[in-house]
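A.B. asks: Just dropping this structure here.
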Amino acid sequence: MVEIFVDADACPVKDETLKVVGRHNIRVHFVSNQWLRLPQSSLINIVVAPEGPDEADNWIAEHIGDQDICITGDIPLADRCIKKGAHVLNHNGKEFTPDSIGMALASRDLMTHLRDLGEIEGGGGKSFNKNDRSRFLSALETYVQKLK
């Protein structure tokens, strides 16, 4: 059975994920480093990972299975999940695939290097908007229907 794993600390699409979970009666794991206020349901598992870098990512990577879905904007976590056969969606509905993850990792590393050198400032991308939310909801619905 398909399960959804959400890298939940800064996830802007929790409500959209819950809509799909409820519609399809599938289990979801919200994994973060702090307690989250979410509805009580047998379908919702709230996991508070130990404090420390990448602990929530480690929990997801250890528990996700082949054909499960991971929701994350963390490119290294996306890579780890793809290597386990999982499907990965960014918060804006963009799919990370075995074909696209290498370029995403390289771009991330390049931007980190440029920031470290002081060549560019900041690190945030464009702001999250209603179109991103809608694309995400549509992409997640499509994934779940396909995998069920």
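The values are calculated or read from the model by the stated rules, or taken from the named source; none is laboratory data. Owing to the predicted nature of the structure, the values given are computational and were not obtained by experimental measurement. Methodologically, a virtual Cβ is constructed for each residue, glycine included, from the backbone with ideal geometry; neighbour enumeration extends over all protein chains shown.
A.B. asks: Only residues that are in a helix (DSSP H, G or I) and under 20 Å from L137 (Cβ atoms): list them for segment 31-80, please.
C.D. replies: Pass one, segment 31-80, residues in a helix (DSSP H, G or I): 55-63, 75-80.
Within segment 31-80, just A78 meets the criteria.
A.B. asks: Please go through segment 15-29 and pick out each residue that is farther than 14 Å from D68 by Cβ, surrounded by 16 or more Cβ atoms within 10 Å (Cβ to Cβ) and without any contact (Cβ under 8 Å) to a residue 60 or more places away in the chain.
C.D. replies: Result: L18, single match.
A.B. asks: If you don't mind, another one. Return the total of residues in segment 30-53 being under 14 Å from the mean Cα position of the chain (by Cα) and free of Cβ contacts under 8 Å to residues at least 12 places away in the same chain. Step through it out loud before you land on a result.
C.D. replies: Of segment 30-53, the ones under 14 Å from the mean Cα position of the chain (by Cα) are 30-32.
Of the ones still in play, those that are also free of Cβ contacts under 8 Å to residues at least 12 places away in the same chain are none.
Number of matching residues: 0.
A.B. asks: For segment 81-128, how many residues meet the condition of being part of a loop (DSSP other than H, G, I, E, B), at pLDDT below 90 and either over 22 Å from G65 (Cβ atoms) or touching a strand residue (DSSP E or B) at 6+ places or on another chain (Cβ under 6 Å) (or both)?
C.D. replies: 11
A.B. asks: Condition test on A49, is it hydrophobic (A, V, I, L, M, F, W, C), in contact with a helix residue (DSSP H, G or I) (Cβ under 6 Å, 6 or more places away or on another chain) and buried (at least 19 other Cβ atoms within 10 Å of the Cβ)?
C.D. replies: Numbers: hydrophobic (A, V, I, L, M, F, W, C): yes; in contact with a helix residue (DSSP H, G or I) (Cβ under 6 Å, 6 or more places away or on another chain): yes; buried (at least 19 other Cβ atoms within 10 Å of the Cβ): no.
Against the criterion (hydrophobic (A, V, I, L, M, F, W, C), in contact with a helix residue (DSSP H, G or I) (Cβ under 6 Å, 6 or more places away or on another chain) and buried (at least 19 other Cβ atoms within 10 Å of the Cβ)), A49 does not qualify.
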